[in-house]
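The structure under discussion appears below in the form of structure tokens.
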Amino acid sequence: MSRSQLNHDPKLDVLKALRVFNHVMDHGEKEGEVRSFMGLSASTDFDGYTMYLNSHHAKLTVFFHNKYQLEFVKAEELDEFYTLLDRVAEVM
């Protein structure tokens, strides 16, 4: 199956995703350069300007100036990713 990519989705609150990313980085279990918390994994590129937030089936990449790309195979996987974002945001 091919992966779908979105560069804009009105359902995504990028600022909330960045807050969730910071929470995962601060409170997640460390596995190499990746931190994992409540089903999400967070990491950055070598200079810290690009951040990655992943579930098992979807990936959010946030670039400089809050431009982003979402990758997923099925719409249900993207919905699951948003559910995980909401769950982590609730415990922050």
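The values are calculated or read from the model by the stated rules, or taken from the named source; none is laboratory data. These numbers come from a predicted model, not from an experiment. Ideal geometry is used to build each Cβ from the backbone, glycine not excepted, and the neighbour counts take in all protein chains shown.
Scanning the stretch 30-41 for any residue that is at pLDDT 95 or above, over 18 Å from Met92 (Cα atoms) and in contact with a helix residue (DSSP H, G or I) (Cβ under 9 Å, 6 or more places away or on another chain) turns up nothing. Pairing residues of the stretch 78-92 that are over 11 Å from Ala58 (Cα atoms) with residues that are aromatic (Phe, Trp, Tyr), at Cβ distances under 7 Å and at least 6 apart in sequence or on separate chains, gives Val88/Phe37. Annotation note: of Glu71, Glu77, Glu90, the sole residue that is of a type in the set (Asp, Glu) and either in contact with a Cys (Cβ under 6 Å, 6 or more places away or on another chain) or within 17 Å of Arg19 (Cβ to Cβ) (or both) is Glu90.
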